[in-house]
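Following: one structure in structure tokens, then a few remarks.
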Amino acid sequence: MTDHNHAPPRGPNGGLSHYQTMELAVSELLIEKGLFSEQKLQGEIAAMDARSPETGARVVALAWSDAAFKARLLDDGTAACESIGIDMGPTRLVVVESSAAIHNVIVCTLCSCYPRMLLGLPPDWYKTANYRSRVVREPRAVLREFGTELPDDVVVRVHDNTADMRYMVLPARPKGTESMDREALAKLVTRDSMIGVGLAMTP
């Protein structure tokens with residue numbers, strides 16, 4: 001079941017595409033059989049629409065400012081997020097920390113698996129065959145195309161999401177942020193920095 005943001009584009013004449021027609025037919029059949037209600041369906045769609053990178057940014061800001069939470073997040077991302085009220089469902093979250101010595105990037109080479117609970121919908125480029133194939137072969141070249149230049153001595157690690165496991169990058173905390181509160185820190189965290197194609201913003 002997908003929401004309208006996930007659905008393929010409409011057909012050439014402005015009508016529903018084949019996949020949209022199938023989606024509607026299956027949804028209506030399941031509602032008719034009483035497996036779930038229209039209200040439940042709309043509630044799930046609304047919940048998916050409400051997901052955004054702001055959730056992940058709050059998690060990162062908390063990890064930057066709370067050493068105990070950061071340790072829990074790196075040990076068990078799912079449990080740490082659920083401990084602060086984020087429903088992760090069946091997702092196993094693995095959080096990888098970038099630093100001055102190591103830079104992490106995430107991808108899904110098979111499809112577009114992505115930590116939607118924390119980052120919302122994946123950007124279009126994340127789902128392309130170009131990104132999925134190239135970032136594992138030439139990550140530095142791909143990062144440069146995003147404007148991310150790394151020193152030669154920084155190790156770049158690429159992590160491949162799977163159907164039952166999602167990675168999220170804990171970006172390196174920018175220098176000069178020691179006196180900033182969590183709300184201010186969260187504003188420095190971008191979606192791209194949690195994917196790893198970018199860095200956290202500097203204040």
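Where a number appears in this text, it was derived from the coordinates with a stated rule and is not lab data. Not measured: the values here are computed from a predicted model. Cβ: placed from backbone, ideal geometry, glycine included. Neighbour counts: every protein chain shown.
Structure data summary
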{"quantity": "Ranking of Arg137, Arg157 by count of other Cβ atoms within 10 Å, fewest first", "calculated": "Arg137, Arg157"}
{"quantity": "³J(HN,Hα) computed for each position of region 105-122 - Karplus, 6.51 cos²θ - 1.76 cosθ + 1.60, integer Hz, glycine/proline x", "calculated": "9, 10, 7, 10, 6, 8, 8, 8, 4, 7, x, 4, 4, 9, 10, x, 6, x"}
{"quantity": "Under-5 Å amide H pairs with Arg157, H placed in peptide plane, nonlocal only", "calculated": "His103, Asn104, Val105"}
{"quantity": "Order of Trp125, Trp64 - criterion: other Cβ atoms within 10 Å of each residue's Cβ, fewest first", "calculated": "Trp125, Trp64"}
{"quantity": "Gain on full stretching of the segment that runs from Glu32 to Ala101 - 0.36 nm per residue minus C-alpha separation", "calculated": "19.3 nm"}
{"quantity": "Additional length obtainable on full extension of the chain from Ala71 to Leu110, 0.36 nm per residue less Cα span", "calculated": "11.0 nm"}
{"quantity": "Cut-off under 5 Å, modelled amide H: who pairs with Val94 long-range", "calculated": "Arg166, Tyr167, Met168"}
